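Student: Before anything else, here's the structure in question.
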Amino acid sequence: MRRSFYVVVIVLLVAALLVSFPSRVARFSPQLGALAAHLRAALPLSLAEKLPSAPTPPAVTTAKAKTSHGGPPVTVLVTQVVKGPLARVATTIGSVQPIASVALRTRLDAQVDQVLVKDGAEVKKGALVFKLDSRQLEAQIAQAQATLARDDAQIAQAKIDLQRATDLLARKAGAKATVDTASTNLASLVATKAADRAALANLEVQKTWTNITSPITGRIGVVGVKAGNIIRAGDSGPTGTLATINQMSPIYVSFSLPQELLGSLRIAEHNDQSFVEAVPQGSKHGERGKIAEIDNAIDSATGTITAHAIFSNANEHLWPGQLCNVSVTLDTDPHAITLARQAVQEGQNGNFVFLVNHNVATLRPVTVQRTQGNIAVIAAGLKGGETVVLDGAARLVDGARVSIRNPATPQNTSAKQAD
């Protein structure tokens, strides 16, 4: 009995300690702290008020005292809400594509006689790039020309025979069959000459194939063959392509935008004030061009529409296959209300800003239409000309006093970023 009594007394003492100092117990064991808090909450209110409580930290007491007395004004930076024209710009990633790309191949089996261009050289339209061995074709052309000469001689003799047979028949000294035979022979020889002339023309065309010229003006890639190599018509392997020429000026940049911008993109295609800027990644120099064409279907997998912009690219800043940062200026909003994106705060009930009037901050809910670079375009909540907090809003509450460190100046609204 005595042991049980002591156990009960110890349990009661431990419970009393837990109930009296739940916060201190929680420092050592969160589980015991939670148990102590439940026990304290279960006690009658009159008894719980008599129990000691944890001392309030000095920092909390000081903060409460400052709050109760209003505290010093919060130092902030401010900016001004601007109402005025703003270009609506959509940005994305695009890739440079040549308008024309030609892979040079041979039309006949031959040996490469000369390579008249260097790797990566710029070539003009019609410039001679490769010269193939044409000696065999030249011999065949000479043979065809001799055949035509023989045909001419035979036709001349056939005309004489036909004339002689006609004269004899007129004097009733020859037969009608002889005239018919001579006439048929002449017609056959004329047809033979026409066939031989066509064969000669075919050989002359084949001879032109031994001079491979550039069909476009552009820049040639790596030359795949050297002088002395044998090339064959119809070769679909790596050796079948002698070289590839890409048109460099003008040039395309292909990019995709969300399908929501299709209407604006179609209007911008025919708007002289709309333009496209392409800056190669890793470069500070870009090109300005125009929308050339819009694809005829939306990609259902990504919900985007593909378009091409055309650039003069006179200095060859854009290179085929290169990735670019593309900025498309769609249109201009003449009455846009804008402010620095940093000034817009996010809360549980949506976006808001702190207006500053007579050194007092007032919370104002706003609706953001879109963001463009460091600029936020406001759809509702502001009219333009207001002064709002730019930096220091995290320490403010509605109605707090503020101290302004800078005069209110409008932010730069020329930044460009995707809607």
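Student: Please specify each residue of the range 317-350 satisfying the condition of being within 25 Å of Leu257 (Cα to Cα) and in a loop (DSSP other than H, G, I, E, B).
Tutor: His317, Leu318, Trp319, Pro320, Gly321, Gln322
Here's the yes/no breakdown for (1) closer than 30 Å to Val123 by Cα; (2) of a type in the set (Gly, Ala, Ser):
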| residue | (1), (2) |
| --- | --- |
| Thr244 | yes, no |
| Gln259 | no, no |
| Glu269 | no, no |
| Ile291 | yes, no |
| Asp295 | no, no |
| Ala309 | yes, yes |
| Asn315 | yes, no |
| Gln322 | yes, no |
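Student: Here is a list: Ala139, Ala199. Which entry is closer than 30 Å to Gln114 by Cβ, surrounded by 12 or more Cβ atoms within 10 Å (Cβ to Cβ) and of a type in the set (A, V, I, L, M, F, W, C)? Walk me through it before giving the result.
Tutor: On the way: Ala139 fails: surrounded by 12 or more Cβ atoms within 10 Å (Cβ to Cβ).
Within the list Ala139, Ala199, the selection yields Ala199.
Student: Kindly evaluate Val123 against the criterion of being surrounded by 15 or more Cβ atoms within 10 Å (Cβ to Cβ), more than 21 Å from Ile231 (Cα to Cα), assigned by TED's automatic domain parsing to the domain that holds Ala227 and of a type in the set (A, V, I, L, M, F, W, C). Reasoning before the result, please.
Tutor: Values: surrounded by 15 or more Cβ atoms within 10 Å (Cβ to Cβ): yes; more than 21 Å from Ile231 (Cα to Cα): yes; assigned by TED's automatic domain parsing to the domain that holds Ala227: yes; of a type in the set (A, V, I, L, M, F, W, C): yes.
For Val123, the condition - surrounded by 15 or more Cβ atoms within 10 Å (Cβ to Cβ), more than 21 Å from Ile231 (Cα to Cα), assigned by TED's automatic domain parsing to the domain that holds Ala227 and of a type in the set (A, V, I, L, M, F, W, C) - is met.
Student: Just to be sure, is Ala361 in contact with a strand residue (DSSP E or B) (Cβ under 6 Å, 6 or more places away or on another chain) and at pLDDT 95 or above? Quick ask: steps written out before the conclusion?
Tutor: Working: in contact with a strand residue (DSSP E or B) (Cβ under 6 Å, 6 or more places away or on another chain): yes; at pLDDT 95 or above: no.
Considered against the rule, which asks whether it is in contact with a strand residue (DSSP E or B) (Cβ under 6 Å, 6 or more places away or on another chain) and at pLDDT 95 or above, Ala361 comes out as no.
Student: Now for a separate question. Tally the residues that are outside any loop (DSSP other than H, G, I, E, B) and free of Cβ contacts under 8 Å to residues at least 12 places away in the same chain, restricting the search to the range 243-290. Show your work before the answer.
Tutor: We begin by selecting, within the range 243-290, every residue outside any loop (DSSP other than H, G, I, E, B); these are 243-246, 251-269, 275-280, 287-290.
This time we only want the ones that are free of Cβ contacts under 8 Å to residues at least 12 places away in the same chain, so: 260, 263.
Selection size over the range 243-290: 2.
Student: Give the residues of the range 300-316 that are part of a strand (DSSP E or B) and not hydroxyl-bearing (Ser, Thr, Tyr), sorted by residue number. Talk me through it step by step, then tell me what you get.
Tutor: Filtering the range 300-316 down to residues part of a strand (DSSP E or B) leaves 304-311.
Within the range 300-316, Ile305, Ala307, His308, Ala309, Ile310, Phe311 meet the criteria.
Each row is one residue, and each column tells you yes or no for (1) under 18 Å from the mean Cα position of the chain (by Cα); (2) farther than 30 Å from Phe130 by Cα; (3) among the small types (Gly, Ala, Ser).
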{"residue": "Gly234", "(1), (2), (3)": "no, no, yes"}
{"residue": "Leu257", "(1), (2), (3)": "yes, yes, no"}
{"residue": "Ala268", "(1), (2), (3)": "yes, yes, yes"}
{"residue": "Ser283", "(1), (2), (3)": "yes, yes, yes"}
{"residue": "Gly289", "(1), (2), (3)": "yes, yes, yes"}
{"residue": "Ile310", "(1), (2), (3)": "yes, yes, no"}
{"residue": "Cys324", "(1), (2), (3)": "yes, yes, no"}
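Student: Considering only the range 55-90, how many residues are modelled with pLDDT of 50 or more and surrounded by 12 or more Cβ atoms within 10 Å (Cβ to Cβ)?
Tutor: Within the range 55-90, the subset modelled with pLDDT of 50 or more is 70-90.
If we keep only those that are surrounded by 12 or more Cβ atoms within 10 Å (Cβ to Cβ) too, we end up with 71, 73-84, 86-90.
The total comes to 18.
Student: Six or more apart or on different chains, Cβ under 7 Å: which pairs go from a residue in the range 352-379 that's within 15 Å of Ala394 (Cα to Cα) to one that's part of a strand (DSSP E or B) and among the aromatic types (Phe, Trp, Tyr)? Could you list them?
Tutor: Qualifying pairs under 7 Å: Ala361/Phe354; Thr362/Phe354; Leu363/Phe352; Leu363/Phe354; Arg364/Phe352.
Student: Of the residues that make up the range 220-235, is at least one outside the structural domain of Ser300 (by TED's automatic domain parsing) and either free of Cβ contacts under 8 Å to residues at least 24 places away in the same chain or touching a Pro at 6+ places or on another chain (Cβ under 6 Å) (or both)? Give the steps one after another, and end with the answer.
Tutor: To start, the set of residues in the range 220-235 that are outside the structural domain of Ser300 (by TED's automatic domain parsing) comprises 220-235.
Restricting the remaining residues to those that are either free of Cβ contacts under 8 Å to residues at least 24 places away in the same chain or touching a Pro at 6+ places or on another chain (Cβ under 6 Å) (or both) gives 224, 234.
The answer is yes, given that some residue of the range 220-235 is outside the structural domain of Ser300 (by TED's automatic domain parsing) and either free of Cβ contacts under 8 Å to residues at least 24 places away in the same chain or touching a Pro at 6+ places or on another chain (Cβ under 6 Å) (or both).
The values are calculated or read from the model by the stated rules, or taken from the named source; none is laboratory data. Note that this is a predicted model, so its numbers are computed, not measured. Here the Cβ is made from the backbone with ideal geometry for all residues, glycine too, and neighbour counts use every protein chain on show.
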